[in-house]
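The structure appears below as C-alpha cells.
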Amino acid sequence: MKFGPVPVEAAAGKVLAHNLADQHGNRLFRKGRRLSDQDVARLKAEGYREVVVAELEPGDVGEDEAARRIARACEGPGLRPVPAAGGRVNFIADAAGVFLVEVDRLAQLNRLPGVTLATLTRGSVVRARQMVASLKVIPFALPEAVVAQAEALLQGNGPLMGVFPFQPRRVALILSGHPALWPRLAADFEGPLQERVLRWGGIWIGTETVRHEEGELAQAMEAALERGADFLILAGETAIMDEEDIAPRAIRRIGGTIEAFGAPVDPGNLLLIAYRGEIPILGAPGCARSRHRNVVDWVIPRLMAGLRLTREEIASMGHGGLLEDVEERPAPRWVGTPA
C-alpha cells in the first residue's frame, strides 16, 4: 500500500487518509472514503491542492475484508461478530457466562503489523449481548501475507476465545464444625454463597451441617449427590490446611480426586478444588463468608459454566490475584507495620 500526499488532481480512486472540512469548517469528507471524480472536483472548488491518501496495490486486502477474515478465524463458542466497519469487528456474547481467551496466542496476534485485538480479561463474567472483544485493522489495507499469517495462527490449536454460558447446576453446601457453632456457620456462609450461586444461574438445593469429622463429611457428600447435587461446596469452622486434612480425606473416601490445593489469590489462598468424576467439589476458604470480592468469585463462575479447573488454571490466577483485603478476615495481610 502506498501512503502519502498527492496532488488533488491525482486523488481519484484513492482512499482519503484524513477528515477534511470545507471553507466554513464543516465536515466535507471523512477519512476512509474512496474519492470519486466528483469528490476531486469538490476538493478543488474548496481550494485543496494536495491531499493525503492511501493507494492499495496488488496483493493488498482492504481493511474491512481483512477484518472480516481475521474475525472469522477468531470465532469461538458463544461469540457473535458484528459486521465490519472502518476496519473494526466487535464480538458480542450470545449469553451470560465466562469469557476465556488464550493470552499467549492473543499476544502473538497483536505482534503482527497492523492487527490489534483487545479483549476482556480471561475469566471475566459477562452478560448476554455484552461486547467482549474488539478487532481493529489499523491501516487502510493489509498485505495478503499478513492476513494469511493471522488466519494460520488463529485456526490452529482450537478457538482463540469464547464465552461459556452458565449452566443450571444443582449446588449443595456442606458446613462442618462443632455443633454449638452450626447456627453461626450457617449465618456466616449460606447467604453469601447462595447469592453467588443464584447470580450465576445455579439451583440451590440446600445446606447441611455436620461435625468436622471425615466420616460425617463423606456421608453428607454422598447424601447430597443422591439428592441430585452436581456441585458441592465445603466450608466450615476451620479452613483446609493440608491435602491430608479431614476434608480432602473425606473427598477421597467417596472416590474423589484432589485437583489443586492452595491458590495464588488473596483473600482465598486456602482454596481446594476436587472432582468426583465430572462433579466439582469446592473447598471454600474462610473468606467465602464475605460478600467482598475474593477467590470464590473467580472459581465459582467457571465451575458454573462447566469449565474444568485444573492445577495449571489455578496457578495462572496469581497474575492479578492480589485483591483488596476484607474486614471479615480473622488475620490481616500486614504482619508488623508496613514501611
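Please go through region 193-214 and pick out each residue that is under 26 Å from the mean Cα position of the chain (by Cα) and either crowded, with 18+ Cβ neighbours inside 10 Å or of a type in the set (G, A, S) (or both).
Within region 193-214, the first condition is being under 26 Å from the mean Cα position of the chain (by Cα), and the residues that meet it are 193-204.
The answer is L193, R196, V197, W200, G201, G202.
Within region 215-260, being within 33 Å of the chain's Cα centre (by Cα), farther than 17 Å from Y275 by Cβ and not in a loop (DSSP other than H, G, I, E, B) holds for A235, G236.
Looking across region 18-40, the residues that are in contact with a Lys or Arg (Cβ under 8 Å, 6 or more places away or on another chain) and surrounded by fewer than 17 Cβ atoms within 10 Å (Cβ to Cβ) come down to H18, N19, A21, R34.
When the residues of region 46-61 are filtered to those that are over 18 Å from N19 (Cβ atoms) and modelled with pLDDT under 95, which remaining residue is surrounded by the fewest Cβ atoms within 10 Å (Cβ to Cβ)?
Filtering region 46-61 for residues that are over 18 Å from N19 (Cβ atoms) and modelled with pLDDT under 95, the one surrounded by the fewest Cβ atoms within 10 Å (Cβ to Cβ) comes out as P58.
Each residue in region 1-60 was checked for being farther than 22 Å from P113 by Cα and either in contact with a Phe, Trp or Tyr (Cβ under 6 Å, 6 or more places away or on another chain) or assigned to a helix (DSSP H, G or I) (or both), and 13 pass.
Filtered by the rule that a residue be of a type outside the set (F, W, Y) and either in a helix (DSSP H, G or I) or surrounded by 20 or more Cβ atoms within 10 Å (Cβ to Cβ) (or both), region 291-308 gives N294, V295, V296, D297, V299, I300, P301, R302, L303, M304, A305.
Considering every residue within region 78-92, establish whether at least one is more than 30 Å from L153 (Cα to Cα), assigned to a strand (DSSP E or B) and of a type in the set (K, R). Let's see the steps before the verdict.
Residues of region 78-92 more than 30 Å from L153 (Cα to Cα): none.
No, there is no match, as no residue in region 78-92 is more than 30 Å from L153 (Cα to Cα), assigned to a strand (DSSP E or B) and of a type in the set (K, R).
The single residue among L35, L106, L120 that is touching a residue at least 40 places away in the same chain (Cβ under 8 Å) and out of contact with any helix residue (DSSP H, G or I) (no Cβ under 7 Å at 6 or more places or on another chain) turns out to be L106.
The values are calculated or read from the model by the stated rules, or taken from the named source; none is laboratory data. Everything numeric here is computed off the predicted structure, so don't read it as measured data. Heads up, the Cβs are rebuilt from the backbone with ideal geometry, glycines too, and the neighbour counts pull from every protein chain shown.
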